[in-house]
Amino acid sequence: MATFNVLVLEHQEKKDGKFNVKVRITHKRVTVYNNTTYFVTKSQLKGNFEFKDRNIINTKNDLEKSYYQEANKMGEEINLYNARELADQLQARVSKAGDGTINFIAFGKTYIEKLIKLGRGSYAAKFTRAINNLVDFFGRDNVLTTEINHKNLDKLEEFLKTPRDYTRINQFGNEVTYHSDGAKNGIIDTMSCIRKLFNEAKNEFNDEEHDDIKIKNSPFNKYKVGKAIGDPEEKSVKPAHIKMIRDYKDIRPGSRMELGRDLFMLSFYLIGMNTADMFNVTEVKNGRIDYMRAKTTGRRKDKAFISIKIEPEAQELIDKYRDLTGKKIFRFHEMYSTSKVFNSMLNVGLLQLVANLKIAEDVRLYYARHSWATIARNVCRVSKDDVSLAMNHVDRAHAVTDIYIKKDWDILDEANLKVLQFFRESEENSTDFLALL
């Protein structure tokens with residue numbers, strides 16, 4: 001009778017200090033090993049290299065149970081194989097067996113790789129943050145689907161609210177330690193991504209038609225992803241403060257502060273264009289900047305296409321940061337390795353600028369988008385439908401009707417002109433008037 005034992009091999013410590021969890025298979029007096037997707041650190045092991053972490057012990061028990069169950073199903077057939085052949089057979093069978101052996105982190109990373117290959121890097125970044133948060137919470141990169149339960153999700157939410165330091169690998173391959181004061185709306189993003197990944201895992205491993213259910217738990221029946229904290233106005237910058245940002249001159253040329261100021265205003269002038277799109281946009285034609293919004297292009301039939309008329313305020317900044325090689329519209333791709341780094345650096349500069357201006361509100365570049373929408377609706381009285389068009393949102397309530405209506409970019413142009421005209425005309429009025437809004 002074959003025997004199975006889940007363990008680590010003391011002499012196979014990796015450079016990062018981790019040990020691969022292996023299954024030892026002994027059959028016909030020959031011993032071989034199967035690798036698994038699980039890794040542990042010395043902190044999860046006793047001095048004799050046996051497991052002491054309760055979750056890993058549960059994993060050990062589940063794996064050994066699965067191997068014995070699959071071996072019993074083989075019956076007398078098991079004697080037809082040598083040790084290596086049996087190990088390969090059982091590894092294939094157990095990988096299909098179910099809940100207790102599915103590594104949710106490994107599945108998440110595979111899903112992220114698929115998104116990146118599809119050109120959805122910004123969308124993949126959200127899932128990467130969610131997976132990183134799970135690894136931080138559990139303290140390991142092997143988390144079973146059975147461990148994604150409503151109790152652990154409640155604990156994860158509390159964990160994310162707590163101030164903490166965490167380590168990530170930067171674009172140069174170096175470890176960098178960051179500090180979080182505790183997430184707010186970021187929790188919603190993390191939990192939404194985990195829910196999406198869990199549903200994708202169930203689609204991948206479960207076959208309801210043939211009653212083959214490998215992932216049996218449904219944690220999101222009890223745990224509910226909450227609503228975003230706070231009011232949209234918290235992300236809307238007052239017109240007076242936008243004017244202060246625009247007009248601030250005490251800046252060293254080429255500094256991050258200058259980049260933060262210019263790009264916040266450029267985003268505002270272009271109806272909330274984000275950094276990923278600024279980094280990649282390639283087409284200006286007939287006085288318009290045309291692009292497919294990276295955040296949603298992969299989820300829409302129209303590829304989230306939008307066309308914005310370039311007003312004089314925007315043209316000045318486009319000329320300032322133009323890519324002279326003609327490869328793209330802006331030269332940001334020559335200044336920074338990725339759009340993520342680009343976004344991070346300009347936000348650092350923007351925060352410095354806001355601190356110098358003694359503006360109490362925390363300002364990020366994407367606040368320009370919220371600010372444009374708020375001013376368009378509340379100050380310039382642009383209709384909600386037209387604001388939605390300008391934000392490039394999908395109106396699900398009128399999805400069928402929209403099939404028959406060709407988009408009229410003139411509506412968007414008129415809305416943007418009203419917002420920019422408000423600031424042009426305010427130059428003739430007192431700043432007190434702006435401060436009231």
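The values are calculated or read from the model by the stated rules, or taken from the named source; none is laboratory data. Being a predicted model, the structure only gives us computed values, none of them experimental. Neighbour counts are summed over all protein chains in view; Cβ atoms, including those assigned to glycine, are modelled from backbone coordinates with ideal geometry. The accessibility values were calculated without ligands, DNA or RNA, using every heavy atom of the protein model including side chains. Shrake-Rupley method; radii C 1.70, N 1.55, O 1.52, S 1.80 Å.
Collect the residues in the stretch 346-364 that are assigned to a helix (DSSP H, G or I) and within 18 Å of the chain's Cα centre (by Cα), keeping them in residue-number order. Answer for the stretch 346-364, where residues must be assigned to a helix (DSSP H, G or I) and within 18 Å of the chain's Cα centre (by Cα): just 347.
Restricted to the stretch 190-218, and to residues that are on the phi < 0 side of the Ramachandran plot and of a type in the set (Asp, Glu), which residue is surrounded by the fewest Cβ atoms within 10 Å (Cβ to Cβ)? Only one residue tops the list, namely 209. Residues in the stretch 9-33 that are under 33 Å from the mean Cα position of the chain (by Cα) and without any contact (Cβ under 8 Å) to a residue 60 or more places away in the chain: 13, 14, 15, 16, 17, 18, 19, 20, 22.
For the stretch 237-248, which positions are open to solvent by 70 Å² or more (accessible area, probe 1.4 Å) and modelled with pLDDT of 90 or more? The answer is 244, and nothing else. Quick check, is residue 167 closer than 25 Å to residue 19 by Cα, outside any helix (DSSP H, G or I) and open to solvent by 40 Å² or more (accessible area, probe 1.4 Å)? In short, yes.
Would you check if there is a residue in the stretch 299-309 being modelled with pLDDT under 90 and aromatic (Phe, Trp, Tyr)? Yes, the stretch 299-309 contains a residue that is modelled with pLDDT under 90 and aromatic (Phe, Trp, Tyr). Exactly one residue among 424, 377, 381 is at pLDDT 90 or above, among the charged types (D, E, K, R) and not in a loop (DSSP other than H, G, I, E, B), and that residue is 377.
Quick check, is residue 53 surrounded by 13 or more Cβ atoms within 10 Å (Cβ to Cβ), farther than 23 Å from residue 85 by Cβ and under 35 Å from the mean Cα position of the chain (by Cα)? So residue 53 fits the description; yes. Please verify whether residue 217 is within 26 Å of residue 130 (Cβ to Cβ) and under 24 Å from the mean Cα position of the chain (by Cα), treating the condition exactly as stated. Criteria not met by residue 217. Scanning the stretch 158-200 for residues that are under 20 Å from residue 105 (Cα atoms) and in contact with a Gly (Cβ under 8 Å, 6 or more places away or on another chain) yields 160, 187, 188, 191, 197. Kindly evaluate residue 263 against the criterion of being crowded, with 20+ Cβ neighbours inside 10 Å and without any contact (Cβ under 8 Å) to a residue 60 or more places away in the chain. No; evaluated as a whole, the condition is false for this residue.
Evaluate the stretch 183-204: report whether one residue or more is without any contact (Cβ under 8 Å) to a residue 12 or more places away in the chain, under 18 Å from residue 133 (Cα atoms) and part of a loop (DSSP other than H, G, I, E, B). No, there is no match, as no residue in the stretch 183-204 is without any contact (Cβ under 8 Å) to a residue 12 or more places away in the chain, under 18 Å from residue 133 (Cα atoms) and part of a loop (DSSP other than H, G, I, E, B). Is there a residue being modelled with pLDDT of 90 or more, under 27 Å from residue 357 (Cβ atoms) and within 26 Å of the chain's Cα centre (by Cα) anywhere in the stretch 281-296? Checked the stretch 281-296: no residue is modelled with pLDDT of 90 or more, under 27 Å from residue 357 (Cβ atoms) and within 26 Å of the chain's Cα centre (by Cα). Of the residues making up the stretch 314-327, those that are open to solvent by less than 40 Å² (accessible area, probe 1.4 Å) and assigned to a loop (DSSP other than H, G, I, E, B) number 2. Taking the criterion of being touching a helix residue (DSSP H, G or I) at 6+ places or on another chain (Cβ under 6 Å), surrounded by 17 or more Cβ atoms within 10 Å (Cβ to Cβ) and either closer than 27 Å to residue 173 by Cα or not hydrophobic (A, V, I, L, M, F, W, C) (or both), the residues of the stretch 334-360 that qualify are 336, 339, 342, 343, 345, 346, 349, 350. Taking first residues from the stretch 285-298 that are within 21 Å of residue 408 (Cβ to Cβ) and in a strand (DSSP E or B) and partners that are at pLDDT 70 or above and open to solvent by 40 Å² or more (accessible area, probe 1.4 Å), the Cβ contacts under 6 Å between residues at least 6 apart in sequence or on separate chains come to 288/309; 290/283; 292/305. Checking 43, 66 one by one, the residue that is open to solvent by 70 Å² or more (accessible area, probe 1.4 Å) and in a helix (DSSP H, G or I) is 43 and no other.
Taking the criterion of being of a type in the set (S, T, N, Q) and at negative phi, the residues of the stretch 265-296 that qualify are 267, 274, 275, 280, 282, 296.
Residues in the stretch 1-37 that are touching a Ser or Thr at 6+ places or on another chain (Cβ under 7 Å), part of a loop (DSSP other than H, G, I, E, B) and buried (at least 17 other Cβ atoms within 10 Å of the Cβ): 2 alone.
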